[in-house]
1. Just the accessible area for Lys118, please: 1.4 Å probe, Å², rounded to the nearest 10?
2. What residue among Ile40, Leu122, Tyr93 has its Cα farthest toward the positive end of the dipole of the stretch 31-122, where the charges are +1 on Lys, Arg and -1 on Asp, Glu, each on the Cβ?
3. Kindly sort Asp71, Asp112 by accessible area of their heavy atoms, largest first, with the probe set to 1.4 Å.
4. Using a basic spin-label model with each label point 7 Å from the Cα along Cα→Cβ, how many nm lie between Thr46 and Glu117?
5. Can you compute the modelled spin-label distance between Asp71 and His103, with each label point 7 Å from Cα toward Cβ, in nm?
6. Around Ile40, with a cut-off of 12 angstrom between Cβ atoms, what is the net charge of the other residues, counting Lys and Arg +1 and Asp and Glu -1?
7. For Leu89 and Glu37, what does the FRET efficiency come to when R0 = 22 Å and r is the distance between their Cβ atoms, rounded to the nearest 0.05?
8. Sort largest first and round to whole Å: the equivalent ellipsoid semi-axes of the stretch 31-122, each the square root of five times a Cα gyration tensor eigenvalue.
Amino acid sequence: MNQLRVIILSCLVSFLLIPFTVTVAENTPNNSMLLSETEINQKIETLPEWTTDGKVISRTFEFKDFVTAIDFVNQLVAPAESAGHHPDLAISYNKVTVSLTTHDAGGLTALDFSLAEKISQLAN
Ligand SMILES: C[C@H](O)[C@H](O)[C@H]1CNC2=NC(N)=NC(=O)C2=N1
């Protein structure tokens, strides 16, 4: 009899938890969700020297010579690969312009900003 009570009570608790679980899941921001203009403006504030047109963020890094610039490019391969996210790169002698956007989402997502932060740290 007691076992039956426990089973019934467990079922009841589980059913009560379903709407709660669904609500939490719906309101948890996904890394691949497009950011709003307000979110983009907030996030770009935290990334000095990065600029945006609302669809892409980019920054030009300047180094003492070509070899140092290429060394920087090589260093960003590992964080890009581990994020499964890849910047567009333009190399001009001692300058590297890094551009990030989420092609799959058609604009900027949290992924772009987190990789931008990691790339900025490499240049310090
Ligand atoms: C399947 C694969 O993970 C996707 O195509 C990834 C690869 N790297 C990527 N990199 C960037 N910058 N944007 C993407 O949308 C993207 N998509």
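1. Per-residue accessible area (Lys118): approximately 100 Å².
2. Among Ile40, Leu122, Tyr93, the one farthest towards the positive end of the dipole of the stretch 31-122 is Tyr93.
3. Order by accessible area, largest first: Asp71, Asp112.
4. Each label point lies 7 Å from its Cα, and together they span 0.4 nm.
5. If labels sit at Asp71 and His103, their model points lie 3.1 nm apart.
6. Within the 12 Å Cβ shell, the charges total -3.
7. For R0 = 22 Å, the calculated efficiency reads 0.25.
8. 23, 14, 11
The values are calculated or read from the model by the stated rules, or taken from the named source; none is laboratory data. Just so we're clear, the structure is a prediction, and the values are computed from it rather than from any experiment. Positions of Cβ are backbone-derived with ideal geometry, glycine not excepted, and every protein chain shown enters the neighbour counts. Note: areas computed on protein heavy atoms with side chains; ligands, DNA, RNA excluded. Shrake-Rupley method; radii C 1.70, N 1.55, O 1.52, S 1.80 Å.
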